[in-house]
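Report on the structure given below.
The values are calculated or read from the model by the stated rules, or taken from the named source; none is laboratory data. Please read all numbers here as calculations on a predicted model, not as lab measurements. Here Cβ is always computed from backbone atoms with ideal geometry, including for glycine, and neighbour counts include all displayed protein chains. To get the accessible areas, we keep the full protein, side chains included, count just its heavy atoms, and leave off ligands, DNA and RNA. Shrake-Rupley method; radii C 1.70, N 1.55, O 1.52, S 1.80 Å.
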Amino acid sequence: MKKPGSLESLAEALRRLPGVGPKSAQRIAYHLLQHDREGATILGDALLNAVELIQHCTSCNTFTETQVCETCADTARDRSLLCVVETPSDQLMIEQTLTFKGLYFVLMGRLSPLDGIGPKDIHLEKLIARATDGVVQEVVLATNFTNEGEATAHYISETLKARGLRVSRLARGVPVGGELEYVDAGTIARAMLDRRTT
């Protein structure tokens with residue numbers, strides 16, 4: 001069997017990126033080689049550097065270049081609040097709201113039995129140890145509102161409640177600035193069920 005050439009290997013590597021199919025991978029490979037060789041070198045160096053230097057925070061499991069990430073090291077954060085998210089990008093989105101002042105735990109995924117992803121794969125033991133450290137008073141579950149995210153939140157909620165922790169879930173409902181006639185019925189139904197007094 002013939003070994004793939006450099007161009008084929010590059011296109012195959014690019015296909016590993018989410019949302020990049022065979023044609024897109026080929027176009028990107030050709031673009032980098034034809035129009036932006038310097039960019040290709042920068043990209044390659046950045047990837048190698050990131051893979052070598054970035055690790056998981058020993059406390060919250062997010063990506064960091066140090067043993068403990070910047071957020072966990074921040075003494076001004078409320079250590080009694082722990083927000084559980086699926087990915088570092090989810091953590092970043094919550095941080096950008098400037099409304100949460102506690103700490104995080106990043107699962108690096110969600111439960112998905114059909115894909116063979118169980119509690120060990122989402123670092124549940126590490127989360128339990130972190131949540132039951134005697135400092136955490138409330139765990140906020142901020143997993144996505146997909147079937148897998150809901151199942152993950154339910155599983156974690158039951159596990160932590162059994163250990164005497166207070167567990168809350170992100171509220172769902174009509175988006176800010178949203179007009180009811182343009183919001184889907186499922187979202188309106190959830191907003192009605194999750195309504196609160198004013």
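Could you check the range 69-80 and list, in sequence order, the residues that are open to solvent by 60 Å² or more (accessible area, probe 1.4 Å) and either modelled with pLDDT under 95 or under 16 Å from ALA129 (Cα atoms) (or both)?
ARG79
Filter the range 81-100 for residues that are assigned to a strand (DSSP E or B) and either in contact with a Cys (Cβ under 7 Å, 6 or more places away or on another chain) or open to solvent by 10 Å² or more (accessible area, probe 1.4 Å) (or both) and give the result.
Residues of the range 81-100 that are assigned to a strand (DSSP E or B), as a first pass: 81-85.
The one that is assigned to a strand (DSSP E or B) and either in contact with a Cys (Cβ under 7 Å, 6 or more places away or on another chain) or open to solvent by 10 Å² or more (accessible area, probe 1.4 Å) (or both): LEU81.
Cβ-Cβ distance below 8 Å, separation of 6 or more or different chains: which pairs start in the range 9-36 with a residue that is touching a residue at least 12 places away in the same chain (Cβ under 8 Å) and end on one that is open to solvent by 100 Å² or more (accessible area, probe 1.4 Å)?
ALA25/GLU12; ALA25/ARG15
Given (1) within 30 Å of SER168 (Cβ to Cβ); (2) more than 21 Å from the chain's Cα centre (by Cα), where does ARG79 come up short, assuming only one miss?
Of everything listed in (1) within 30 Å of SER168 (Cβ to Cβ); (2) more than 21 Å from the chain's Cα centre (by Cα), ARG79 misses just condition (2).
In the list ARG166, ARG110, which residue meets the criterion of being touching a Gly at 6+ places or on another chain (Cβ under 8 Å) and either buried (at least 16 other Cβ atoms within 10 Å of the Cβ) or not hydrophobic (A, V, I, L, M, F, W, C) (or both)?
On the way: ARG166 fails: touching a Gly at 6+ places or on another chain (Cβ under 8 Å).
Within the list ARG166, ARG110, the selection yields ARG110.
Keeping to the range 50-64, report how many residues are open to solvent by less than 80 Å² (accessible area, probe 1.4 Å) and outside any strand (DSSP E or B).
9
Yes/no matrix, rows are residues, columns are (1) open to solvent by 80 Å² or more (accessible area, probe 1.4 Å); (2) at positive phi; (3) in contact with a Ser or Thr (Cβ under 7 Å, 6 or more places away or on another chain):
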{"residue": "ASN144", "(1), (2), (3)": "no, no, no"}
{"residue": "THR152", "(1), (2), (3)": "no, no, yes"}
{"residue": "VAL176", "(1), (2), (3)": "yes, no, no"}
{"residue": "VAL183", "(1), (2), (3)": "no, no, no"}
{"residue": "THR187", "(1), (2), (3)": "no, no, no"}
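What are the pairs, 6+ residues apart or on separate chains, where a residue within the range 46-68 that is in contact (Cβ under 8 Å) with a residue 60 or more places away in the chain has its Cβ under 8 Å from a residue that is open to solvent by less than 70 Å² (accessible area, probe 1.4 Å) and polar (S, T, N, Q)?
From residues that are in contact (Cβ under 8 Å) with a residue 60 or more places away in the chain, the pairs are CYS60/THR71.
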